[in-house]
Amino acid sequence: MLFTSERRLDDGVLEREFTLGAIPGILWTPEAAPEPAPLILVGHPGDLRRMYPRVSARARHAAAAGYAAATLELPGSGDRPRSPSADRARADLRRAITAGEPVDEIVDRLVLPLVEQAVPEWRALLDAVLDVPGIGGPVGYSGGVIAIGVRLAAVEPRVKAALLFAGSYVPRRMFAEARQVTIPLQVLLQWDDEGNDRQLALDLFDAFGSREKTLHANMGGHTGVPAFEADDGNRFFDRHLK
């Protein structure tokens, strides 16, 4: 893990860009926090430059509550090498959704390779960040791609709670992994999300094996998550990480 830039933001949060091998990422640490500070991994759908305003706002909101936050560029996004097969699957998915055609096979082609590559990278990120002075866990995961969050929650014992954004498709074969997830969960679902399958998201929530799981369903499209959900997310992590 190599830090490449550092700046103090106007709210006192220290923002450091880094590379993990050749993968870019960002680490935010609060100005004043207990040591070691708990850590939240901030998931996103890819292309950190484009997503930066939203990802940074979420990370800084968490930092204001005393959490360190870290994120990593996804495979095939940003400056990372493109995946022609993923690009084809993404185009096929858009076409199938528009035409009202079955999408399960396309979702498998698009999401499963992403999960297989991304989850080991996020676990390596966890190894690196937990070695940074002042950060020691426990660890939470917040955001999407929800299939990446499902796999992390199932296989990574250091992740103690997850706030999952139900805004992307999950291969149905991953429902067996969802049944293995037992950590506390909070799931955000936009009821009118134009690019997601509401029933699939509800079925996934039902499949999770966690004894403590909460579904927050709000009216509106993909980007219409109410601002109060950020505060509620912090309260969720306060209950389980502090």
- Residues in the stretch 18-37: is at least one at pLDDT below 95 and under 21 Å from Thr223 (Cα atoms)? no
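So, of the residues in the stretch 80-101 that are more than 13 Å from Asp197 (Cα to Cα) and among the aliphatic types (A, V, I, L, M), which turns out to be modelled with the lowest pLDDT? Steps first, please.
First, the residues of the stretch 80-101 that are more than 13 Å from Asp197 (Cα to Cα): 80-92, 95, 99.
Subset that is among the aliphatic types (A, V, I, L, M): 86, 89, 91, 99.
Values: Ala86: 95, Ala89: 96, Ala91: 96, Ala99: 92.
Looking at residues that are more than 13 Å from Asp197 (Cα to Cα) and among the aliphatic types (A, V, I, L, M), I get Ala99.
Out of all the residues in the stretch 90-98, is one or more within 24 Å of Leu152 (Cα to Cα), touching a residue at least 12 places away in the same chain (Cβ under 8 Å) and assigned to a loop (DSSP other than H, G, I, E, B)? Full working, then the answer.
Taking the stretch 90-98 and keeping what is within 24 Å of Leu152 (Cα to Cα), we get 90.
Within this subset, residues satisfying the condition of being touching a residue at least 12 places away in the same chain (Cβ under 8 Å) are 90.
Subsequent filtering for residues that are assigned to a loop (DSSP other than H, G, I, E, B) retains none.
There is no residue in the stretch 90-98 that is within 24 Å of Leu152 (Cα to Cα), touching a residue at least 12 places away in the same chain (Cβ under 8 Å) and assigned to a loop (DSSP other than H, G, I, E, B).
Mind listing whichever residues of the stretch 136-153 are in a strand (DSSP E or B) and more than 20 Å from His216 (Cβ to Cβ)?
Here is the first cut: in the stretch 136-153, the ones in a strand (DSSP E or B) are 136-143.
Answer for the stretch 136-153, where residues must be in a strand (DSSP E or B) and more than 20 Å from His216 (Cβ to Cβ): Gly136, Gly137, Pro138, Val139.
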- Selection status of Ala57, surrounded by fewer than 20 Cβ atoms within 10 Å (Cβ to Cβ), within 15 Å of Val13 (Cβ to Cβ) and either out of contact with any Pro (no Cβ under 7 Å at 6 or more places or on another chain) or in contact (Cβ under 8 Å) with a residue 40 or more places away in the chain (or both): yes
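The values are calculated or read from the model by the stated rules, or taken from the named source; none is laboratory data. Worth saying up front: this structure is predicted, and the values here are computed from it rather than measured. So basically every Cβ, Gly included, is an ideal-geometry build from the backbone, and we count neighbours across all protein chains shown.
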